[in-house]
Amino acid sequence: MSDFTDLIAQSSPLVGLWQALATPYTAEICAGAGYDWLLFDGEHAPNTLQTLVGQLQAISRHPVHPVARPPSDDPAVIKQYLDIGFPTLLVPMVDDAVQAARIVASTRFPPEGFRGVASATSRASGFGAEPGYLAAQRNRVGVIVQIESLAGLDSVEAIAAVPGVDALFIGPGDLSAAMGHLGNPRHPDVQAAIDDAFGKIKAAGKPAGIFALDAEDARKRFAQGFSFASVGTDIGVLASSVRALRAGFKTET
């Protein structure tokens, strides 16, 4: 369990911002804005290991928790994300307990798992400067799994029961598409499914997170009992601000 997953287990509402611009400059600006956590997206953003390292370095002086979403549950990719220094992973498209258990195992060194062993060449170990790095890792890695499919909904209770799964995160975008409401995560059926999943996660004693649709939705989810939520994206903040600024001068051109 990472510092972040330990924190969300205390049920404190933690506000996050999605990072998709893939640049150290914007990451550093967002890190200094006071968010509790930042999500660095490797699934839908144009991130590489090099761009991710640069962003980790850029935010290192700020007290913000970095979380990374790899593009898939590929153990090789998970290994690389951990080696470059991400303490917490949010793995997308988790459909059942077997997959969740395999993801957890891919974050653990043998004999608990099958993560490839690296120390002296790993940024996470301070390039070999941190004594006891290998032994301590099993207690430092946070695993959050993303529920965003019909199969995932059906398996929420079993996934939540997997040892090493620290929290579950609901993705309304893909979930709405899976339910036949592409582009409409506010559909009553989707919202009901989210509420049902949350109830099961809470009953299992695991923290729940969500990609909030907007600030109002985030406040609603925090009041409901969600422990953490992303309340926007760096792209969204930039796009809305530049459009609003330009709109203020429409009558002058």
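Miscellaneous remarks
- Residue match in the stretch 20-37 (condition: touching a residue at least 12 places away in the same chain (Cβ under 8 Å), under 15 Å from the mean Cα position of the chain (by Cα) and assigned to a strand (DSSP E or B)): yes
- Reported count of residues in the stretch 118-135, each being touching a residue at least 24 places away in the same chain (Cβ under 8 Å) and either part of a helix (DSSP H, G or I) or in contact with a Pro (Cβ under 9 Å, 6 or more places away or on another chain) (or both), is 3.
- Positions within the stretch 1-29 being touching a strand residue (DSSP E or B) at 6+ places or on another chain (Cβ under 7 Å), polar (S, T, N, Q) and more than 17 Å from SER60 (Cα to Cα), in sequence order: THR5
- Exactly one residue out of PHE86, PHE4, PHE40 is under 12 Å from the mean Cα position of the chain (by Cα), over 23 Å from SER155 (Cβ atoms) and part of a helix (DSSP H, G or I): that is PHE4.
- Candidates PHE222, PHE198, filtered to the one that is out of contact with any Lys or Arg (no Cβ under 6 Å at 6 or more places or on another chain), within 21 Å of LEU38 (Cα to Cα) and in contact (Cβ under 8 Å) with a residue 24 or more places away in the chain: PHE222
- Any hit, the stretch 55-78, residues being β-branched (Val, Ile, Thr), over 30 Å from GLN224 (Cβ atoms) and crowded, with 16+ Cβ neighbours inside 10 Å: yes
- Filter result for VAL190 (over 20 Å from the mean Cα position of the chain (by Cα) and part of a helix (DSSP H, G or I)): yes
Read the figures in this text as sums done on the coordinates, not as results from a lab. Source: prediction; values computed, not measured. Note that we place each Cβ from the backbone using ideal geometry, even for glycine, and neighbour counts take in every protein chain shown.
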